[in-house]
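Written below as structure tokens is the structure these notes are about.
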Amino acid sequence: LRSIPIITMGTIRLMTNKGLEYQEHVSEYGVHWNFFFTLAVVSVASTAIRFHSSSSRIWPWLFLVLYQISLSIYGIQIYIEDGERRCVGGESIVCDLFAANREGILGCAGYLAMFLISEDIAQYCIWSADANLSTQRGSRLSICCALLWALNWLLTSILDIQVSRRSTNATFIVWTLAHNVTILLLVWAAFYLADASTRSRISTVSPIFDAVNHHGLIVFILANLMTGLVNLSINTLAVEDTQALGIIFMYLFAVGSVALVVDWALTRRPKVKEG
């Protein structure tokens, strides 16, 4: 039931993209698929898996290994990159829909692995760490960061599995996780250094971070709408670097402002007493 709103938003996005002739690359998710549909699949699958399986942190990695084996050995990577958008003969609508949206459908496996591994990393580095001992979070983030970058080097340099956004392969997953954990480590370091003058090492949470964490889906949707507004208003392919940086800074400022407004309106606004 929780996925119904996401599926609805995905359907609305599909219709508006086709109706407005919005610029899109079919190599990203396919002809009809979009990230909202991926979110719905990952939400349902992850809930079912967490409910029926143990809390072992090993099996998401095993699932990722099996997915990469199917990509590298059984030709799925080649199919995703070079396959036709319609099945041979074109007699099956289901087959044609799958072929037209193979990046988005098959990529759900990679995103599912990324989501489950992300939960385990968050459990180890943040949720189970002592909130009153900031250095523990920092050390755990440092360990995960080093391991992920080492694994990324192993995949790219030793196994020669290059990053593929289209197939959401193992290297893309590890590369994405490594970048995000690095950002979390830098954020932790910034707060730790900012609190260095106090005797306690308890980091205060930025209001913007707090707002985004509380209203992630709403902020994500509004950020998507603002991205669409930028793409409809500006020919982004022809923008110079300086102008592009200015647009990005304005966009980030707008997203942060929206997050604070949403947080204030939904959780922090003082309630008016009736009567």
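Averaging the sequence gap over all C-alpha pairs within less than 8 Å and six or more residues apart, then dividing by the number of residues, gives the chain a relative contact order of 16 percent. The alpha carbon centroids of the range 50-121 and the range 155-171 are separated by 14 Å. The 3J(HN,Hα) values that the Karplus relation (6.51, -1.76, 1.60; θ = phi - 60°) gives for the range 102-113 are, in residue order, 4, 4, x, 5, 5, x, 4, 4, x, 5, 5, 4 Hz. Gly and Pro appear as x.
Taking one equal scatterer on every alpha-carbon of the chain, how large is log10 of I(q)/I(0) by Debye at q = 0.07, 0.14, 0.16 1/Å? Reported log10 I(q)/I(0), two decimals: -0.33, -1.32, -1.59. Sorting 118-128, 79-89 by their mean Cβ neighbour count within 10 Å, with the most densely packed peptide first, gives 118-128, 79-89.
Highest mean first, the peptides 236-243, 32-39, 144-151 sorted by other C-beta atoms within 10 Å per residue fall in the order 32-39, 144-151, 236-243.
Rounded if a/c is under 1.5, else prolate if a/b is larger than b/c, else oblate: which is the range 23-170, with a ≥ b ≥ c the root eigenvalues of its Cα gyration tensor? It is prolate, given that a/c is not under 1.5 and a/b is the larger ratio. Projected label points at SER128 and VAL187, each 7 Å from Cα along the beta carbon direction, are separated by 2.1 nanometres. Each principal axis of the Cα atoms in the range 1-104 has its own extent, and those three values, largest first, are 45, 36, 26 angstrom. Residue by residue, the range 223-233 carries 3J(HN,Hα) couplings of 5, 5, 5, 5, 4, x, 4, 5, 5, 7, 8 Hz when phi is fed to the Karplus relation 6.51 cos²θ - 1.76 cosθ + 1.60 (θ = phi - 60°); x denotes Gly or Pro.
Extension gain, SER56-ILE234: 0.36 nm per intervening residue step, less the Cα-Cα distance, totals 59.3 nm.
Using C-alpha pairs under 8 Å with a sequence gap of at least 6, the mean separation divided by the residue count of the range 42-184 gives a relative contact order of 26 percent. Using C-alpha pairs under 8 Å with a sequence gap of at least 6, the mean separation divided by the residue count of the range 4-93 gives a relative contact order of 24 percent.
Every read-out reported here was derived from the displayed coordinates using simple, explicitly stated rules and does not represent laboratory data. In this text, all values refer to a predicted model and were calculated from it rather than measured experimentally. Counting neighbours? That spans all protein chains shown, and the Cβs are built from the backbone with ideal geometry, glycine included.
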